[in-house]
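The values are calculated or read from the model by the stated rules, or taken from the named source; none is laboratory data. These numbers come from a predicted model, not from an experiment. Glycine also receives a Cβ, built like all others from the backbone with ideal geometry; neighbour counts cover every protein chain displayed.
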Amino acid sequence: MNSAKDDEIYWNTSDKLVFNFEDNEECQIFGVSQTTAICSQAGTFSVDDDADDYLKSDITPSNLKPLLSVISEKTLTSILNAENLHNVHQEKPLVQPDITLRRILLGQPFMLEQYKSLASKTELLDSAIASGDGNAILIVIIFIAKTLKQSLIQRLLLERPEAVNIYIRYLATTLRTNELTDLLTMLGRSKDAAMTNLQIVLKNTPNVERLLQKLQNCCRMHFTALSDCREGFYVQNYIKLLEWQVAVKATEFSKPLDIHSSVLDCLQNACQHHWNASEGSLVSPTNLSKQHDVSPRQYQCVALTTRASMQAWDDIESIVLTKGWLGSKKLQTSLAIEDILQILHENQAPSSLLAKFLSYIDDLDRRLSLAKKLQCHRAVIDIFVLQRDRVALSEYKSSLHSQSEQYFYAENALRASTVKWKN
Amino acid sequence: MDITLDDRLDTLQQISQRKLVDMLDNVSGKKDLIIEPKLMKTLECFIGVTALRRYGVDKIFKLEEGLKASNTQRIFLVSGDLIACKRVLNQIHAEFSQNRGLSHHLLVVPRIPAALELLVEEEGLHELVKLRSLSWEFIRSDGNVLSLETRMYADLYYHRDTSLLPAIAKNLWSLHMIVGRPKVTLCLGKYSKIVLKMTESMEEYFSSQNPASQCGCMILMDRAHDLPSALLTPVTYLGLMGEILEIKAGTAYSKGSQTKLNPKTDQVYGEVRDRHFSHVFPYLRDKAKLLKSEQEATQTMQLAEMKRYVATRLSKVTEAKRQLGFHIAACETIVGELGAAFEALQSVEKSILECRRRKECLEYIETNIDKHPLRSLRLLALLSVVSDGVTQSEVKPIQTAYLHAHGYQNIPMFWKMEQAGLIAYRTDNVLQKLPKWSSEWATAAQRLKQLPNHTKPLDLKSPTCSSYVFGGSYIPTIAQLTRFILNQETDTKSLNYLHSLPDFTLTGQQEAVQTGPVIICIVGGITYGEIAACRLIEQSTGSRFVFASDTIFTGNQLLESIKNI
């Protein structure tokens with residue numbers, strides 16, 4: 001900010017010096033007292049002693065002949081007119097924002113060059129915003145951005161959020177991240193600056209190493225200052241996950257993980273290849289799960305599906321059962337029992353395992369309907385026995401393949417003398 | 001000869017064709033046409049290969065890597081998407097480096113974005129590439145639905161960029177020229193207001209003569225004024241078809257087969273389109289039986305009879321059979337995809353609307369986010385809109401689960417949803433836990449009578465209330481506005497409330513509405529649910545409606561467009 005101000009002073013001062021210097025000669029020609037000229041300068045900046053001396057030393061020697069005795073008036077006029085030609089367009093150019101904007105809206109040719117003064121540029125921008133045509137707003141901002149200095153552009157945008165939004169989109173699409181970040185930071189929208197930068201990084205980086213590096217940069221530059229922004233925490237986790245992927249890739253020859261692999265994809269990979277890794281090791285599923293604070297529901301779902309798909313039935317219990325305090329096993333899971341059974345069934349789990357999990361459903365009717373749906377005959381038969389429903393059991397037996405294992409199981413159950421049938 | 005509204009709407013397609021053909025004619029001689037893939041389907045709606053050939057198009061290409069055009073004149077047809085345009089310019093650069101004698105034209109739909117002119121200049125291609133814009137007319141589908149086939153929601157509500165509004169305005173202007181300028185205009189929302197203003201200034205400068213006539217009315221509404229209608233699951237046949245199958249520019253695609261959704265050429269479709277889904281399958285079954293018996297009857301026909309049958313009926317019956325087959329297969333797909341989840345989903349949506357069982361709703365959202373991310377995010381957005389926001393602690397587990405299941409590359413998603421007005425955060429407030437608490441949203445919806453209180457169960461078979469499209473729990477705002485403008489709603493309290501809204505305007509004499517078409521336009525995308533809700537009013541009042549929007553979309557597509565930003 002300071003340097004911008006200094007620049008301003010520098011430009012203003014030097015401008016004035018040049019102009020006044022020339023003015024002086026002219027003034028003198030027309031016999032205007034030079035002190036007045038100097039005084040008029042004095043109003044714009046403090047009179048510097050040196051400058052004063054310099055101007056004094058420049059006083060024209062008195063032995064000059066009168067100008068018009070040397071050259072004709074015509075010559076003088078020509079010379080002066082040539083000078084004035086440069087200044088003709090100092091009169092106010094014709095600016096009509098409404099007409100310009102209508103031309104933009106209707107797709108007719110238009111010119112913006114005549115909008116020179118700050119006031120006319122401002123008016124044009126405001127009219128564009130009032131017209132509601134985003135295309136017109138962007139045309140005007142781009143024109144303004146080319147023809148005004150940074151601090152003035154920012155001042156204009158500060159009070160015009162409609163214009164800012166459209167300009168930001170343009171800067172983001174054309175990947176002008178520095179300008180974008182400066183603008184948003186200046187407006188006090190540091191979270192937007194962080195998220196937009198992140199968005200640009202995520203959209204435009206197909207390579208893992210580069211992505212890792214850019215995310216680290218982004219985190220340092222934008223997210224560290226945002227203390228209560230959840231996304232910053234996720235970005236850090238993303239970095240950890242990418243590092244994990246790189247490390248895993250270095251240690252094994254299995255199919256490499258895609259750059260867009262999610263935590264659950266990686267977890268599945270870990271459950272498949274590193275199920276028995278010690279808990280503290282980098283590649284172990286529990287470690288990965290802890291690192292990202294994966295919810296028990298998601299962890300169990302992935303672990304169960306992966307181990308079941310590998311027919312590793314012995315591992316199933318350890319995922320969803322815990323030992324109760326009398327040594328009995330208890331179902332402890334965030335998954336619905338229906339979902340567990342569905343996963344097991346889809347992977348052709350042995351019926352004894354299905355039966356075991358079915359027995360965790362307390363409601364017998366619900367258990368029965370699920371057992372039937374999953375075609376877990378043993379469980380169905382057991383339930384009929386529990387319900388002492390001989391009729392239903394006989395009916396069910398007749399629906400089974402005779403001479404099959406289940407058929408005999410049903411027959412044995414019907415023969416059992418310990419059951420007191422209710423019908 | 002009487003000119004009907006249908007005849008007038010039919011002209012849209014012809015005008016679009018003329019517009020394109022005139023452009024092609026401007027480039028004399030043979031040329032290649034290179035089309036951005038997403039514009040293909042839209043283009044097919046109004047022009048075919050034969051017509052293109054007639055105007056000198058030699059080869060047609062899809063815009064993609066490594067395409068090899070052969071003619072020296074090349075016309076690229078692209079949408080105003082700056083990145084797609086940049087790709088074209090890269091391609092042109094590459095072609096120039098091999099062959100200097102080429103001539104390139106860039107035809108941009110619907111408008112040339114400001115940044116593109118600058119880009120062309122920066123790329124040193126100014127004058128080498130000729131830029132033209134082409135804004136074709138509304139694409140008509142399903143009888144009376146007009147769409148620009150351009151999704152603007154993300155532009156308008158995420159980027160807050162109104163560059164495409166003139167495209168809607170221009171199409172509305174030409175629609176007015178064709179069917180008549182509305183006598184009464186109802187406008188709700190800031191973007192609608194802008195569109196209306198633009199349409200008026202086009203009227204002023206383009207219309208050398210008055211349009212066909214002055215008749216009917218127009219309703220303009222911003223999408224943001226009714227987000228629930230875009231987030232709830234519609235339960236009509238077409239509504240669910242839109243959720244599950246792909247529908248593009250009026251054609252539905254299902255497992256390799258496709259059918260044009262047009263009630264005029266497909267009677268069965270016209271019959272089931274707006275039915276509650278539970279009443280669709282029985283109808284199709286009866287229809288199938290009927291067709292079968294007709295076919296059986298042919299077996300006993302005499303020769304002469306058979307001849308007549310083949311000449312007059314056979315092709316119709318064959319087509320009807322194909323169409324019926326499509327709808328039955330579509331029903332099966334819908335049931336297969338949604339079946340088991342449907343009831344639970346409906347009950348969660350209902351609970352959210354009634355601001356009940358908040359904890360269960362949040363749980364449902366979280367447990368479904370792994371397998372049905374869009375469905376879950378949609379419900380979260382609904383919850384946020386309906387209950388004036390969600391708390392950080394409610395969102396956190398959902399966001400975490402979402403990122404774990406679908407990848408950290410989606411980290412900006414929730415922030416984007418927030419920017420796009422789909423999630424709002426609020427602090428936890430004890431008052432909101434009181435049983436009598438009602439959200440600001442619910443209060444407003446009640447004032448417009450959008451939350452019907454059915455004393456008896458809704459008749460879903462022959463419904464009388466527009467809320468049937470959402471299982472009886474919600475009436476879309478646009479339907480209420482339509483009832484209002486057609487003088488169907490006379491409750492002064494609701495009317496006063498409408499007039500008190502800051503961005504509501506009503507111009508013209510309402511008595512004049514009764515004749516002429518009703519143009520219903522939603523800026524930011526219209527949904528099948530809303531269309532069906534309004535069609536019920538169309539039937540009961542005998543008016544003719546024309547629906548217009550930038551796109552016809554579903555809640556999933558809305559969220560997808562936010563995700564793909």
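Computed values, structure above
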{"read-out": "Positions within region A:276-294 being more than 23 Å from B:GLN399 (Cα to Cα) and surrounded by 18 or more Cβ atoms within 10 Å (Cβ to Cβ), in sequence order", "value": "A:VAL283, A:SER284"}
{"read-out": "Region A:359-381 - residue that is charged (D, E, K, R) and assigned to a helix (DSSP H, G or I) and, of those, surrounded by the fewest Cβ atoms within 10 Å (Cβ to Cβ)", "value": "A:ASP365"}
{"read-out": "Residue within region B:541-554 that is among the aliphatic types (A, V, I, L, M) and assigned to a helix (DSSP H, G or I) present", "value": "no"}
{"read-out": "Some residue of region A:223-242 being in contact with a Phe, Trp or Tyr (Cβ under 6 Å, 6 or more places away or on another chain), assigned by TED's automatic domain parsing to the domain that holds A:SER309 and under 24 Å from B:TYR402 (Cβ atoms)", "value": "no"}
{"read-out": "Verdict on B:ILE139 being surrounded by fewer than 20 Cβ atoms within 10 Å (Cβ to Cβ) and touching an Asp or Glu at 6+ places or on another chain (Cβ under 9 Å)", "value": "no"}
{"read-out": "Contacts under 8 angstrom Cβ, first residue in region B:43-55 being in the same structural domain as B:LEU77 (by TED's automatic domain parsing), partner of a type in the set (Phe, Trp, Tyr), 6 or more apart", "value": "B:PHE46/B:TRP136"}
{"read-out": "Region B:480-536, residues that are of a type in the set (D, E, K, R) and in contact with a Lys or Arg (Cβ under 8 Å, 6 or more places away or on another chain)", "value": "B:GLU489, B:ASP491, B:LYS493, B:ASP503"}
{"read-out": "Hits in region A:210-262 - residues which are part of a helix (DSSP H, G or I), among the charged types (D, E, K, R) and surrounded by fewer than 18 Cβ atoms within 10 Å (Cβ to Cβ)", "value": "A:ARG210, A:ARG220, A:ARG230, A:LYS240, A:GLU243, A:LYS249"}
{"read-out": "Total residues in region B:375-396, condition closer than 20 Å to B:TYR474 by Cβ and assigned to a helix (DSSP H, G or I)", "value": "12"}
{"read-out": "Test result for A:LEU358, among the hydrophobic types (A, V, I, L, M, F, W, C), in contact with a Cys (Cβ under 9 Å, 6 or more places away or on another chain) and farther than 22 Å from A:PRO285 by Cα", "value": "yes"}
{"read-out": "The listed residue being surrounded by fewer than 19 Cβ atoms within 10 Å (Cβ to Cβ), within 14 Å of chain B (Cβ to nearest Cβ), touching a residue at least 12 places away in the same chain (Cβ under 8 Å) and assigned to a helix (DSSP H, G or I), out of A:ILE142, A:ILE99, A:ILE168", "value": "A:ILE142"}
{"read-out": "Members of region B:465-483 that are more than 12 Å from B:PRO452 (Cα to Cα) and either in contact with a Gly (Cβ under 9 Å, 6 or more places away or on another chain) or modelled with pLDDT under 90 (or both)", "value": "B:VAL469"}
{"read-out": "Subset of region B:81-113 (residues that are within 14 Å of chain A (Cβ to nearest Cβ) and small (Gly, Ala, Ser))", "value": "B:ALA84"}
{"read-out": "Elements of type strands (runs of 3 or more DSSP E) contained in region B:124-220, each with 1 or more residues being within 20 Å of the chain's Cα centre (by Cα)", "value": "B:139-141, B:145-147, B:184-188"}
{"read-out": "Selection count, region B:405-459, where residues are within 14 Å of chain A (Cβ to nearest Cβ) and farther than 24 Å from B:SER229 by Cα", "value": "9"}
{"read-out": "Residue within region B:407-430 that is in contact with a strand residue (DSSP E or B) (Cβ under 8 Å, 6 or more places away or on another chain) and within 30 Å of A:PRO206 (Cα to Cα) present", "value": "yes"}
{"read-out": "Single residue of region B:199-246 satisfying the filter (within 14 Å of chain A (Cβ to nearest Cβ), of a type outside the set (D, E, K, R) and closer than 27 Å to B:GLY143 by Cβ) that is surrounded by the most Cβ atoms within 10 Å (Cβ to Cβ)", "value": "B:LEU220"}
{"read-out": "A:ASP265 assigned to a loop (DSSP other than H, G, I, E, B), within 11 Å of another protein chain (Cβ to nearest Cβ) and not aromatic (Phe, Trp, Tyr)", "value": "no"}
{"read-out": "Positions within region B:529-565 being within 15 Å of B:SER229 (Cα to Cα), within 11 Å of the chain's Cα centre (by Cα) and either within 14 Å of chain A (Cβ to nearest Cβ) or not aliphatic (A, V, I, L, M) (or both), in sequence order", "value": "B:GLY529, B:GLU530, B:SER549, B:THR551, B:PHE553, B:THR554, B:GLY555, B:GLN557"}
{"read-out": "Verdict on B:LEU9 being among the hydrophobic types (A, V, I, L, M, F, W, C), touching a residue at least 60 places away in the same chain (Cβ under 8 Å) and in contact with a strand residue (DSSP E or B) (Cβ under 6 Å, 6 or more places away or on another chain)", "value": "yes"}
{"read-out": "Where B:LEU5 falls short, out of the listed (1) of a type in the set (A, V, I, L, M); (2) over 24 Å from the mean Cα position of the chain (by Cα); (3) outside the structural domain of B:PRO113 (by TED's automatic domain parsing)", "value": "(2)"}
{"read-out": "Members of region B:53-102 that are among the polar types (S, T, N, Q) and under 28 Å from B:SER163 (Cβ atoms)", "value": "B:SER79, B:ASN90, B:GLN91"}
